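Asks: This is the structure I have questions about; it appears just below.
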Amino acid sequence: MKTFFYLTILTSFIFADGNFQTRFILFLVFIALGAVGYKFITLRTGNYDIDYFTKLLGWMLIIPAIWGILESLNII
């Protein structure tokens, strides 16, 4: 039930703007960017140098993704 509530709020934020299709596509792109960034942050290889690089790359992907998600939902 909580998921349905959050989904309803999400769709109301997206439909509130007249430019629905472009905002929705950008929202999906930012969700995908955030998912890839999260995967890079949580990836463990055992090699500390590679782990440091993937964490850095993950944070570089997830921060703009969070900004874009908030921007596409008209929160910022």
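Asks: Can you find even one residue in segment 49-65 that is without any contact (Cβ under 8 Å) to a residue 60 or more places away in the chain, among the hydrophobic types (A, V, I, L, M, F, W, C), in a helix (DSSP H, G or I) and in contact with a Ser or Thr (Cβ under 8 Å, 6 or more places away or on another chain)? Walk me through how you get there before you give the answer.
Replies: Start the filter on segment 49-65 by keeping residues that are without any contact (Cβ under 8 Å) to a residue 60 or more places away in the chain, which leaves 49-65.
Within this subset, residues satisfying the condition of being among the hydrophobic types (A, V, I, L, M, F, W, C) are 50, 53, 56-57, 59-63, 65.
So of that shortlist, the ones also in a helix (DSSP H, G or I) come out as 50, 53, 56-57, 59-63, 65.
Those left that are additionally in contact with a Ser or Thr (Cβ under 8 Å, 6 or more places away or on another chain): none.
Among the residues of segment 49-65, not one is without any contact (Cβ under 8 Å) to a residue 60 or more places away in the chain, among the hydrophobic types (A, V, I, L, M, F, W, C), in a helix (DSSP H, G or I) and in contact with a Ser or Thr (Cβ under 8 Å, 6 or more places away or on another chain), which makes the answer no.
Asks: Give the residues of segment 22-74 that are of a type in the set (Asp, Glu), surrounded by 12 or more Cβ atoms within 10 Å (Cβ to Cβ) and more than 14 Å from the chain's Cα centre (by Cα), sorted by residue number.
Replies: First, the residues of segment 22-74 that are of a type in the set (Asp, Glu): 49, 51, 71.
Those still in the list that are surrounded by 12 or more Cβ atoms within 10 Å (Cβ to Cβ) too: 51, 71.
Result: Asp51, single match.
Asks: Out of all the residues in segment 40-63, which are of a type outside the set (S, T, N, Q) and either in contact with a helix residue (DSSP H, G or I) (Cβ under 7 Å, 6 or more places away or on another chain) or at positive phi (or both)? Even if it seems obvious, please write down each step before you answer.
Replies: Applying the first criterion (of a type outside the set (S, T, N, Q)) to segment 40-63 yields 40-41, 43-44, 46, 48-53, 55-63.
Passing the criteria: Phe40, Ile41, Leu43, Arg44, Gly46, Lys55, Leu57, Gly58, Trp59, Leu61, Ile62.
Asks: Looking at (1) in contact with a Leu (Cβ under 9 Å, 6 or more places away or on another chain); (2) aliphatic (A, V, I, L, M); (3) in a helix (DSSP H, G or I), which is the one condition that is false for Ile76?
Replies: The single condition Ile76 does not satisfy is (3).
Asks: Let me ask you something else. Filter segment 1-21 for residues that are at pLDDT below 70 and of a type in the set (A, V, I, L, M); which is surrounded by the fewest Cβ atoms within 10 Å (Cβ to Cβ)?
Replies: Once the filter is applied, the top-ranked residue is Met1.
The values are calculated or read from the model by the stated rules, or taken from the named source; none is laboratory data. Since this is a predicted model, take the numbers as computed values, not measurements. Cβ: placed from backbone, ideal geometry, glycine included. Neighbour counts: every protein chain shown.
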